[in-house]
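Since the structure comes first, as structure tokens, the remarks are kept for the end.
No lab work stands behind these numbers, since they all come straight from the coordinates. This one's a predicted model, so the numbers in the text were calculated from it and none came from an experiment. Ideal geometry is used to build each Cβ from the backbone, glycine not excepted, and the neighbour counts take in all protein chains shown.
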Amino acid sequence: MTIPKTVDIILGSGSPRRQSLLEQMKIRHRVELRTIDEKFDPVLQAEQITDDLAQQKGKVFQRDLNPDQLVITADTIVWFEGKALGKPKSQEEAKRMLLSLSGKTHRVISSVCFTTANQQHTINCFTDVKFADLNEDLVDQYVATGSPMDKAGSYGIQDTFGLYAVSEINGSYTNVMGLPSMQTFQTLHKFVQNYF
């Protein structure tokens, strides 16, 4: 399955992990960043939050898009005990988040939105991740690297931390990285066939 060269695919994300996953899937794209104030209605729950934020990120491009352009945007949260854990605002918050997840299972939710000049299509994906009992010193060392600061739930499964923290995973691994690859690949090809 190849995407016609006439389709200009824009990744509206600064995440190096999302960029790398698209490159690995051989999806030709360019990166363009536009920021939004990542706020959502507090009544929203779980995937409603990520759907809303991914759509907001796509909408800031929409009025400027040409008919041959498609923007991919995404949002990821950790859903734990009825609350959304986003990116930590401080190292102290990152440590608190990680220790709260110790020995427990949380759900990683990503939504991916495909935006054209006149429509949006959104998918979401769920992965359950169980952490081992975490050693506070290891958490401190990880937080000190600064790596948790741009990641939902304060961790990257692909980091060294993920090797010793994650004891079980049920669902898409790449979803935990921020872009469910198989689902994105299949939806993108279907969307392109139907739209362009």
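Listed values, structure above:
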| item | result |
| --- | --- |
| GNM flexibility winner over the chain from 133, 51, 41 (Cα, springs under 10 Å) | 41 |
| Net charge of Cβ neighbours under 13 Å - reference residue 74; Lys, Arg +1; Asp, Glu -1 | -2 |
| Check: region 24-161 dipole with +1 on Lys, Arg Cβ and -1 on Asp, Glu Cβ, in debye | 360 debye |
| GNM top mover of 24, 45, 55 - the chain, alpha-carbon springs below 10 Å | 24 |
| Region 8-195 - convex hull of alpha carbons, volume per residue in Å³ | 111 Å³ |
| Dipole of region 8-195, positive direction: furthest Cα of 121, 193, 71, with charges on the beta-carbon | 193 |
| Theoretical ellipticity at 222 nm over the chain - DSSP helices of four or more residues, -39500 (n - 2.57) apiece, nearest 500 | -10500 deg cm²/dmol |
| GNM flexibility winner over the chain from 172, 181, 147 (Cα, springs under 10 Å) | 147 |
| Sites residue 28 and residue 105 - FRET efficiency at Förster radius 45 Å, r taken between beta-carbons, to 0.05 | 0.75 |
| Inter-site label distance for residue 194 and residue 147 at 7 Å from Cα along Cβ, in nm | 3.8 nm |
| Exceeding the 19 Å Cα-Cα cut-off - candidates 5/190; 83/130; 26/190; 26/151; 83/151 | 26/151 |
| Cα-based Kirkwood hydrodynamic radius, region 16-115, one decimal, Å | 15.3 Å |
| Charge context of residue 12, other residues only, Cβ under 12 angstrom, K/R +1, D/E -1 | +2 |
| Radius 11 Å from Cβ of residue 111, net charge of other residues (Lys, Arg +1; Asp, Glu -1) | -3 |
